[in-house]
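Undergrad: If you scroll down you'll find the structure; I have some questions about it.
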Amino acid sequence: NKRDQLRFAIQAASVLGMERSTVYSHSGWRMIDGVMCYLYNGGAIGKEGLSVELEGNLAAYALPDTGALLAEAIRSSRAFLDLGVMRVTAPLLCAMYLAPVCSFLRDGGYAPAFIPFVAGATGTHKTTICALALSHFGQFSNKQPPASFSDTANSVRHKAFLLKDAPLLVDDYHPNTDPKSRARMAETAQQLARAWGDQSERGRMQSDMTVKLAEPPRGLGIMSGEEVPDIGESGIARFYVVDIQQGDVPVSDTLTQLQTAARKGLLAQAMRGFIQYIQLQASTL
């Protein structure tokens, strides 16, 4: 019955005339009508009128023009380095500005083959600083990371495919007394480390014996947790460990001011300016 109803609906719509529209469901660079554009939820940098819808909590990845002065936005982004010790803040800020050029690096054979892993005990503000770094790409808080180790590995890998040329934070790797849960989290970390490190996805076959299209990561992965996963030498070799100790990221006026700037969209405005700079030169990259 459903098949007949669908056939009738298609025939009726064909008689009445159908309006066709294109809705993009990933972020990052894409050539559209001869123009290199950077897609984000709700629009694109480089071309007006595009419809972009990212699914679920990926909708937070949005870079609309807030009208803020670029100089002020850049100062706010630069202030991220002053949140704590440089061995913590510098790698995270660099990772944010590395993410938008992943496609160009991959095309040149220099795709980032590492994952920053932010490791620290409870109370070191590791999730807070990761969320602030991620605010260069939209509105994020330490309560709602885009992905976590409680998610299935398949769902995180799918998000890593959709978030092209953007950073995906996988939060909250923590010790677990339940052996089954601990093994599942370690397996997820292993799969993600290899996927991002190798920039590839293992081939799979569907139930109808056809080969499923691969969905390799197309952006930059970032992980955080209370300890570095014990996933073997080759797996750990793919991590760039950012170790946060107590006091490395103190509660300060700088932290409060930067959180306010993030809510106003200043960090995202700085990233928008950087992407516009890349877009102007995209034809030569």
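The values are calculated or read from the model by the stated rules, or taken from the named source; none is laboratory data. Source: prediction; values computed, not measured. Note: ideal-geometry Cβ built from the backbone for every residue, glycine included; neighbour counts use all protein chains shown. The protein model used for the area step is the full one, side chains on, heavy atoms only, and it has no ligands, DNA or RNA in it. Shrake-Rupley method; radii C 1.70, N 1.55, O 1.52, S 1.80 Å.
Undergrad: If you take the beta carbon distance between residue 158 and residue 253 as r and set R0 to 41 Å, what does 1/(1 + (r/R0)^6) give as a FRET efficiency, to the nearest 0.05? Write out the running numbers ahead of the final one.
TA: Details: r = 40 Å, r/R0 = 0.97.
Once the sixth-power term is evaluated, E becomes 0.55.
Undergrad: Of the listed peptides 114-122, 12-20, 166-174, 247-255, what is their order by residue-averaged count of other C-beta atoms within 10 Å, with the highest listed first?
TA: Per-residue mean Cβ counts within 10 Å order the peptides as 166-174, 114-122, 247-255, 12-20.
Undergrad: Express the accessible area of the stretch 97-203 per residue in Å², computed with a 1.4 Å probe while the remaining protein chains stay in the model.
TA: Using a 1.4 Å probe on heavy atoms only, each residue of the stretch 97-203 averages 40 Å².
Undergrad: Multiplying the sequence separation of residue 104 and residue 264 by 0.36 nm and subtracting their Cα-Cα distance, what value in nm do you get?
TA: 54.6 nm
Undergrad: Taking the Cα centre of the chain as the origin and placing charges on Cβ (Lys, Arg +1; Asp, Glu -1), which of 1, 38, 162 is farthest toward the positive end of the dipole?
TA: Checked the options; the winner is 1.
Undergrad: Place a +1 charge on the Cβ of each Lys and Arg in the stretch 137-197 and a -1 charge on the Cβ of each Asp and Glu, then give the dipole magnitude about the Cα centre in debye, rounded to the nearest 20.
TA: Using only the charged Cβ atoms, the result is roughly 120 debye.
Undergrad: Now for a different question. So if each residue of separation counts as 0.36 nm, and I subtract the Cα-Cα distance between residue 20 and residue 236, what length gain in nm does that give?
TA: Net length gain for the segment: 73.0 nm.
Undergrad: Determine the alpha carbon to alpha carbon distance for each of 2/164; 159/180; 143/180; 126/264; 2/180; 47/159 and list only those over 30 Å.
TA: Details: 2/164 36 Å; 159/180 24 Å; 143/180 25 Å; 126/264 22 Å; 2/180 42 Å; 47/159 24 Å.
Flagged as over cut-off: 2/164; 2/180.
Undergrad: What percentage of the solvent-accessible surface of the chain, computed with a 1.4 Å probe over protein heavy atoms, is contributed by carbon and sulfur atoms? Numbers along the way, then the final one.
TA: Working: 8010 of 14870 Å².
After summing per-atom areas, the C and S share lands at 54 percent.
Undergrad: So, one more: Antiparallel as a % of all DSSP beta bridges within the chain, to the nearest 5?
TA: Of the beta bridges lying entirely in the chain, close to 40 percent run antiparallel.
Undergrad: Then there is this: Rounded to the nearest 20 debye, what is the charge dipole size of the chain about its Cα centre when +1 sits on each Lys and Arg Cβ and -1 on each Asp and Glu Cβ?
TA: So the magnitude is around 540 debye.
Undergrad: While we're looking at this one, here's another question. Over the stretch 26-77, with the other protein chains present, what is the accessible area per residue in square angstrom, probe 1.4 angstrom? Display every interim value, and only then the final one.
TA: On the way: 2530 Å² over 52 residues.
Normalised by residue count, the accessible surface of the stretch 26-77 is 49 Å².
Undergrad: Expected output is a single nm value to one decimal: the length gained when fully extending between residue 8 and residue 150, i.e. 0.36 nm times separation in residues minus the C-alpha distance. What is it? Spell out each step's value before the answer.
TA: Details: separation 142, 0.36 × 142 = 51.12 nm, distance 4.33 nm.
Difference between extended and current length: 46.8 nm.
Undergrad: Using the heavy atoms of the protein chains and a 1.4 angstrom probe, tell me the accessible area per residue for the stretch 220-285 in square angstrom.
TA: Values: 3380 Å² over 66 residues.
That works out to 51 Å² for each residue.
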